[in-house]
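Accompanying notes for the structure given below.
FYI, it's all coordinate maths here, none of it is from the lab. Computed from a predicted model, the values in this text were never measured in an experiment. Here the Cβ positions follow ideal geometry from the backbone for every residue, glycine too, while neighbour counts run over all protein chains shown.
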Amino acid sequence: MDFTPIRMKPVYVPPGGPPQHIAPSQEIYALMGEENIFKMCEDFYRKLEGSELRPMFPPDMVEASKKQAMFIVGLVGGPPLFAQAFGPPMMRKRHIPFEIDEAARQIWLTCFTETLKNAVEDYHFPAEHLDGFIEFLIGFSAWMVNTDTGCPGSGQDTGAS
Ligand code: HEM
């Protein structure tokens, strides 16, 4: 069966354009290790599973979390696992089938920042790079917004990029 979502609303392009200068530290991977990154993403997807965004995601959230983890591994200085398995990341393009508005972005970010609350203890996340990583998520998630719901602040980035 084909679960590909069908877009009902026009594609919105955030006025700030793609995020600039916000790559997280490339030291994170070596300090944290792959296993911890996968664990962090699994916990993040468990939070998404309990959120209003649940219907957007596939039935198996553990499997889905692995794609996220593969992307993050490459992003923080590890091997480009996502690109090796699935081709060029082109993240905004990959998100276009899903109607992501500012409200969805805020839920996504809340799930991630809650996951990161005890990241130093839970995942050996290097404390000195945590703020920079969160700044990255704030800026990059603004670029995933593709649906304008007309609410104030919709789709605007936070100035992090
Ligand atoms: C702005 C809020 C966001 C929402 C609501 C959202 C939602 C989604 C959804 C519904 C999927 C498809 C899940 C699947 O079929 O496996 C997905 C895939 C993915 N997302 Fe996001 N996302 C957001 C932001 C981000 C950001 C900021 C990143 C990167 C840091 C990211 C990385 C990924 C990756 C790597 C995938 C897998 C892509 C693929 O299937 O090829 N997402 N996201």
Top of GLU42, GLU52, GLU99 by mean-square fluctuation, Gaussian network on the chain, Cα under 10 Å: GLU52
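Cβ neighbours within 10 Å, averaged per peptide: list 78-90, 119-131 in order, most packed at the top. Write down the numbers at each step before the final one.
Values: 78-90: 13.5, 119-131: 15.3.
Result, highest mean Cβ count within 10 Å first: 119-131, 78-90.
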Between their Cα atoms, which of LYS39/LYS66; LYS47/LYS117; LYS47/LYS93; LYS9/LYS66; LYS67/LYS117; LYS9/LYS93 are more than 20 Å away from each other? LYS47/LYS93; LYS9/LYS66; LYS67/LYS117
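Before anything else, pin down the relative contact order of the chain: Cα pairs under 8 Å, at least 6 apart, normalised by residue count, whole percent.
38
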Under 16 Å from the ARG7 label point (7 Å along Cα→beta-carbon), backbone N, the range 72-100: 90-100
Between helix 127-144 and the chain: long-axis angle, C-alpha atoms, 0 to 90°, nearest 10: 20
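Please give the net charge around ASP101, taking every other residue with its beta carbon less than 13 angstrom from that of ASP101, where Lys and Arg add +1 and Asp and Glu add -1.
On the way: positive: ARG7, LYS9, ARG105; negative: GLU52, GLU99, GLU102, ASP148.
Value of the local net charge: -1.
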Label-to-label distance, nm, for residues given as GLU63 and SER25 (7 Å Cα→Cβ offset): 3.6
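Using 1/(1 + (r/R0)^6) with R0 = 35 angstrom and r between the beta carbons of HIS124 and LYS93, what's the FRET efficiency to the nearest 0.05? Walk me through the intermediate numbers first.
Numbers: r = 33 Å, r/R0 = 0.93.
Rounded to the nearest 0.05, the efficiency is 0.60.
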